[in-house]
Each structure stands twice: as structure tokens, then as C-alpha cells.
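The values are calculated or read from the model by the stated rules, or taken from the named source; none is laboratory data. Quick caveat: nothing in here was measured; it's all calculated off a predicted structure. Cβ sites come from the backbone with ideal geometry, for glycine too, and all protein chains shown count toward neighbours. The area values use the complete protein model at the heavy-atom level, side chains included, leaving out ligands, DNA and RNA. Shrake-Rupley method; radii C 1.70, N 1.55, O 1.52, S 1.80 Å.
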Amino acid sequence: MRRSIATVCVSGTLDDKLTAAAAAGFDGIEIFENDLVVSPWSPREIRQRCDDLGLTIELYQPFRDFEAVPPALLKENLARAQRKFDVMSALGVGTMLVCSSVHPAAMDDDELAAEQLSDLSDSARDNGVRIAYEALAWGRHVSTWDHSWRIVQLADHPSLGLCLDSFHVLSRDVPPDGIADITPGKIFFLQLADAPYLRMDVLQWSRHHRLFPGQGSFDLAGFVALTRAAGYDGPLSLEVFNDVFRQSDPARTAVDAMRSLIALEGSIPPNPEISGYAFTELAVDGNSGPSLRTALRGLGFAHTGQHRTKPVELWEQSGCRIVLNSAVTRPQAATISAFAVTSADPSQSLQRAEALLAPARPNAREPGEAELAAITAPDGTSIFVTDPGNDWRNDFLPTGSASPGAGLLTTDHLGLAQPFDNFDEAGLFYRTVLGLEPLATEEYAAPFGLMRSRSLTGDGRHLRLALTTALLRRGDWAPAVSDPQHVAFSTADIFATAAKLTLPPLSVPDNYYEDLAARFALPDAVVAALRRHGILYDRDPAGGELLHLYTPVLGGRVFFEIVERRAGYDRFGEPNAPVRMAAQRHSRLLSGG
């Protein structure tokens, strides 16, 4: 199917929007009237620019407040429509979107609405165009798709059909199942937008919180399937109103938009099994490197390998692997610069990434070294894809050191802070490129502002990821770590592991344990053991338990976590995040950081 995007989805001038849409690979666009009005180009010049870029203009929109009005107003509306038909002729567009009316003079009269829409469609036919009638979710009298369909049926005009917008359909209580029974050929246009489920005024929800497919909570695959069952074979077109997207780089937003449509269509290589993290790379400088090495030793890791040609160290404990990369060009806080995942078919994983507009780039290597292609995540993190044999380890010369061990088993998850403007983009990237599925999105009050966390995981729970962002940051007073990141390791017995650590864990206040005993009715002996080792606790409604401890922030930005999951606990201990953040702040104050 053809892929289209409304100009309202992206930022910039009309030329910025058209250029971005074409570069991202879209076949066509919807011209939003506001973008036309402020453009210095005439409609014919816009048509020519689209032709030059290989774009078709699929829809002109919106035409508002037309139907079920008094005669005098109808006359004005028909005259207004004729002017728009003239513009459409110059643009070379054949379909106009007509929204259900919100005009105070509009009457609750389906027969009148059908009669007047038929009059409009007569005029449209004479001008060689069609009318796609859309039920706005906040329409004065027509606000659901089934109501708009009844009016179109009453009008029974060949130039009048439906525009189905996934937001307007799925934000309302009317089930969409009946869409499959719409007369074939009467769905003239399809607009797609995702959104989180929110309890708020539907107009504000629509104008500010729409997302690209796969970034929200709507079942868009099911929605599209219903329209296909009704015979729709027109373009899949995105219409997304989002405050962040309309202020972001249009080229980047357009790529994000196209990735969402490619994933929705499903015409991409299947995701091979990802069996976990092969390693996590931390970029360190002369200041952060020593503190990270000391911390790793204190967690029971050993420096087991030194890269043959690069200032890169391999640290290991059981299935946990950390790579310290000292090849930094300027002083910086320690950061998770890359991670590697183990794929059953690395080549297919990279083909999938390329199909989703995330082509891999080869790594810089010397002859004989492992070839590790890297995908670049939205925040710049490199993602390497390796095979189960871990051939990359042959690039490291053994140091002869052996891990004393502290009971750590594997990398349980990574925690990556994201810029607010790219949070939804990152979620879609990891969901599509690595085949992860979202578990939950949480918001919580932290010491320095509201935070949002989104947890994702793959089949088998071998690969887990937690994305976080600050929802609002104003001013310079924010004595917190900038975009903190962490690596979490799993253990089968956190108490035994804690006893073996020589790195002191993060100190947790006694008040937390007093509250913990009250909330979960834990035995005094259990609370005492948790308190002794600085272990935090959470329990889910099904009885699953998480026991986890943290280190202070190391190297200016990074910290480690140790987790024990019991009875199928599947989350990340989000209720304890504010406790951890406050404790790390106190730790920095005590250390003078």
C-alpha cells in the first residue's frame, strides 16, 4: 500500500515538510490547509515541488463546519467549498476531507446533514473531486464512525465516502468491528494515529498526545485489517498532532514516522531469537576509568582480556561482561556507549534493522579482528549484533585473571535515560528493530521532578530494557546526575551475593524499611536482612517479588544494580526509583560530588 503523511505531522515550513517526507521514502502527503496558507508558493508551485520530489498529494484538509446548517449558512459554505475546489484543482488533489461540524448553528438532523453533504458532493463531482466525510470525536452531533457511515448511506452519492481516522474511531466507545461491513469502495481515505490511553478531554487528547503507530496503546494492526476487509486499498496515511514532533527536526521525525508504518505493515524480515546481552561497553576517561575498575572488582568481576589493538578492557563474571573503552577524545562522564546482543541469526537481525531505516555500519577493525556491525539507536548508543559463539572475544588477549565471583549470572537489563523529545522515538526503535514488547509505562515523582519510565522485553525475557526521561526540566537548579544510566546483573541469591561484595552498596535510609514492613507485612527477620545489605524490595499483585540493590553513581553518570527475581516478577522495581535517586544524591553530597 502507498504510504502518506500529513504535513501537520512534522515541523518547519512547507518545503521543510515536503523535503523530509520525500527523503524518508513517503509516496504522498496530505496538505494541511494551514501549511498552504503560510506558504509563499502558489498551489501550482506546490504541485510542481511535489512532482519534483516524487510525491503525490493524496488529500486536502480540513474543510470544517459544513453540514446540517440553516439555508443561509449552507449557501456560504457551498461558496467557500467552491474556492477550495479551485485550489485543489491547482494542487492536483482529488479528495477533500470534510470534518463533522462543531458549529453552534449545526442541527441534530441526519437527513438534513445527508441532503447538504449530497449537495456538496454534486459540486465536488462537477469539479472532478471526492468528499471524504469524517466524524470528529468531539463533533457537535456526529462524533462516531458508525454515525458518519449512516449519514453517508443516507446521502447515497458516488462522490461521497468516509474518511476513517484511527484516533477518532478508537478514542470512542463504539466498537470498530462493524467497519469490515462498510460497503466496498466507500472508505475514501484512511488516517492513522496511535495514542496512549488517557482520561482527559478528547479534543486536547487528540491535539497534543497523538503518536505514530507502535508508540501508543491502540490496536492499529486490527484497525487496518478491518478497513482492508471492507475493500480499502488506498494509502496508509499518518495524521499525528504532537507538540514534540511539531518542534523537532522534520527529517528525523519523518524517518520515525516511516519506521512506524513499515513496522505496522509487517513486511520486514522476522526477528531472530535474541538470547541476551553479549556485553555492555562503557566509555571511560582518565578520571572515571579508575572508579569503574574499582567498582567492578568490588562486584566480583575480573579483568580477563585486553584488546589486541585498542585501549579496551574486558571484565567478566559468569555470563556478565563489561567492556571498558578508554578511547575517548575529551574528558567526559562514564557512559554506556554501546551494547551487544546475541542473535540466532545476526545477518537477519541486521537486514531487519536496515528495512526499518536503521542500517548498520561496520566497526573499525584491524585485519583478523571480528566484524561487528553496529546499529545506531536514537540517542547515539551503538548496538552490536553478535552470534552465540561470541567470536568477538578472540580480539582480546587473556590477562590470566580469574573472577572471584559474587554470584552474578547474566546482564538482567540496561537502564538508559533518553532526551524527552526522543523518548517515544526510542521506544518505537527498540520495539521494532530488536523486536521488544512494552511491559508498562510508569510515571513517578522523583526528588528533582516527574519521571517517566518505559519497560520493554523480548520473548523469553532474555533481553530487558528500561527507558527513562524527565518530563519537565526548567532552570539550572537540578543537582542530579545528567541522564543517568545503569547496568543490572541477575543473581539467584541476592543475600549471598551481597555478603561477597567488597564494594559497599548504596546506603538506604531506615525510614524506607519501616515503611516497607508496614506496606508488605514482611517478617522482622526479612526486613532486618534487607536493611543490613541495603536491599530494596517490591512485590507485584500476583505475588512475584523483586529484591535489588544499587551502587552509588560512578564516574559521574553510571551505576550498577543487582537483582533477584522471584515467582515471575516481570517489572523493574519502579516504586523504588525515587528512593534510589534520593539515596544516590545523599551519597554524592557525602562524597563531595
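Listed residues W41, W138, W149; which is out of contact with any Pro (no Cβ under 9 Å at 6 or more places or on another chain) and closer than 22 Å to S11 by Cα?
W41
Using beta carbons and a limit of 8 Å, which pairs, at least six apart or on different chains, have the first residue in the range 185-213 and under 19 Å from Q247 (Cβ atoms) and of a type in the set (S, T, Y) and the second one open to solvent by 50 Å² or more (accessible area, probe 1.4 Å) and assigned to a loop (DSSP other than H, G, I, E, B)?
Going by the 8 Å Cβ cut-off, the qualifying pairs are S206/W138.
For (1) among the hydrophobic types (A, V, I, L, M, F, W, C); (2) more than 21 Å from T457 (Cα to Cα), each residue gets a yes or a no:
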residue: R532; (1), (2): no, yes
residue: L546; (1), (2): yes, no
residue: G573; (1), (2): no, no
residue: M581; (1), (2): yes, yes
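May I ask you to list the residues in the range 1-20 that are open to solvent by less than 40 Å² (accessible area, probe 1.4 Å) and touching a strand residue (DSSP E or B) at 6+ places or on another chain (Cβ under 6 Å)?
Within the range 1-20, S4, I5, A6, T7, V8, C9 qualify.
When you scan the range 409-453, how many residues do you find that are touching a residue at least 24 places away in the same chain (Cβ under 8 Å), more than 30 Å from F301 (Cα to Cα) and open to solvent by 50 Å² or more (accessible area, probe 1.4 Å)?
Residues that pass the stated criteria total 12.
Here are the criteria: (1) in contact with a strand residue (DSSP E or B) (Cβ under 7 Å, 6 or more places away or on another chain); (2) modelled with pLDDT under 95. Tell me which single one V323 does not satisfy.
(2)
With the requirement that a residue be open to solvent by 20 Å² or more (accessible area, probe 1.4 Å) and in contact with a helix residue (DSSP H, G or I) (Cβ under 8 Å, 6 or more places away or on another chain), what does the range 21-31 give you?
Matches in the range 21-31: A22, A23, G25.
Which helices (runs of 4 or more DSSP H) does the range 143-213 wholly contain that include 3 or more residues that are within 22 Å of G94 (Cα to Cα) and at pLDDT 95 or above?
145-155
Which number in (1) within 27 Å of D459 (Cβ to Cβ); (2) in a helix (DSSP H, G or I); (3) of a type outside the set (G, A, S) marks the one condition that L292 misses?
(1)
Within the range 181-230, how many residues are open to solvent by less than 10 Å² (accessible area, probe 1.4 Å), more than 13 Å from L261 (Cα to Cα) and of a type in the set (G, A, S)?
3
Which of the residues belonging to the range 55-103 are open to solvent by less than 30 Å² (accessible area, probe 1.4 Å), farther than 24 Å from R3 by Cα and among the β-branched types (V, I, T)?
Within the range 55-103, just V69 meets the criteria.
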